[in-house]
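Read through the structure below, which is laid out as structure tokens, and then see the notes.
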Amino acid sequence: MDLPAGASIGADGVWSQVLDRPEGAPRRAGLFLDRDGAIVEEVDYLHRPGDVRLIPGAAQVIAQANRLGVPVVIVTNQSGIARGLYGWDEFIAVEKKVDDELAAAGAFVNGVFACPHHRQGSPPHDHPDHPARKPNPGMLLAAADRLGLDLAVSWIVGDRATDLLAGKNAGLAGGVHVLTGHGADQGERETALALAEDGFRVSGGRAMADALTMLPLLKG
């Protein structure tokens, strides 16, 4: 398997890819984004590039972060790998399509982290509660280390309450829950909003585009 530039699969089986890290820059706020259901339309176990469709407004949010110098990091659970439904080659092809679609809209991401583990998976990806699988914070902590991010002033956007809980567990400032993807499923919005407490703010939007007005780090 040929890995794309900046990508590696660690000893723990977790994918990490750093595409752009400003050298010598101070630690800064980052924008963490779930992929399926937040950036691209939800497709069960997305593994075909032809099924990639950007959710309207997602590229504009990422482009605004790019303009402001806010690193953008995708953090995505990929249990389809653990379940044997596809492999890293298919993941790579889908990520390339996502990158191409974002580039066509004038946007780019700085890093991609993906956890293939699941309690119902097959070896070597069977794990009852892997520290990188959201809502655990492993992917966010790794990204902060690799890209020099200040988690305490960073935010996350996702369609599942578990996305926001991963942000809370990583010590982020807050998160935005969107209704695209699984966001409108019963209980998701309520569970996400209930995560709010001192030190972790939660907002609810219709889709990623609403992050432009909800996220302090995107307001310039």
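Farthest towards the positive end of the charge dipole of the chain, among the residues GLN78, ILE55, ALA29, is the Cα of ALA29, using unit charges on the Cβ of Lys, Arg, Asp and Glu. Set the Cα radius of gyration of the chain against 2.2 N^0.38 Å, with N its number of residues, and you get 0.93. Checking the a/c ratio against 1.5 first, then a/b against b/c, what shape does the Cα gyration tensor give for the range 1-84? Cα axes put the range 1-84 in the oblate bin. Partners of LYS168 within straight-line reach, counting aspartates and glutamates whose Cα lies under 18 Å from its Cα and excluding those fewer than 8 residues away in the same chain: ASP34, ASP129, ASP145, ASP150, ASP159, GLU188, GLU190, GLU197, ASP198. With unit charges on the beta carbon (Lys/Arg positive, Asp/Glu negative), name the residue among ALA114, VAL40, ALA143 whose Cα is farthest towards the positive pole of the charge dipole of the range 7-218. Farthest towards the positive end: ALA143. Taking each DSSP H run with n ≥ 4 as -39500 (n - 2.57) and averaging over every residue of the chain yields -7500 deg cm²/dmol at 222 nm.
How much of the DSSP bridge set in the chain is antiparallel, in percent, rounded to the nearest 5? If we restrict to bridges inside the chain, about 30 percent are antiparallel. For the residues ILE81, ILE62, ILE156, a GNM of the chain with alpha-carbon springs under 10 Å puts the largest fluctuation on ILE81. Within a straight-line Cα-Cα reach of under 14 Å, LYS219 can be paired with the following aspartates and glutamates, leaving aside sequence neighbours fewer than 8 residues apart in one chain: ASP210. In summary, no lysines lie within cross-link reach of LYS96, defined as a Cα separation below 19 angstrom excluding same-chain residues under 8 places away. Here the range 94-220 was treated as a single set of alpha-carbon atoms; its pair distances binned every 10 Å from 0 give 12, 36, 41, 10, 0 percent. Sorting 131-143, 192-204, 92-104 by average packing, meaning the other beta carbons within 10 Å per residue, from highest down gives 131-143, 92-104, 192-204.
Once you order the gyration tensor axes a ≥ b ≥ c over the Cα atoms, which shape class does the range 60-133 get: rounded for a/c under 1.5, otherwise prolate or oblate by comparing a/b with b/c? Taking the square roots of the gyration eigenvalues as a ≥ b ≥ c, the range 60-133 is oblate.
Computed from point charges on the beta carbon alone (+1 for Lys and Arg, -1 for Asp and Glu), the dipole magnitude for the chain about its Cα centre is near 460 Debye.
The numbers here are math on the coordinates, done by the rules we state, and not lab data. Fair warning: this is a prediction, and the values are worked out from it, not measured in the lab. Positions of Cβ are generated from backbone atoms using ideal geometry, with glycine treated the same way; all protein chains shown enter the neighbour counts.
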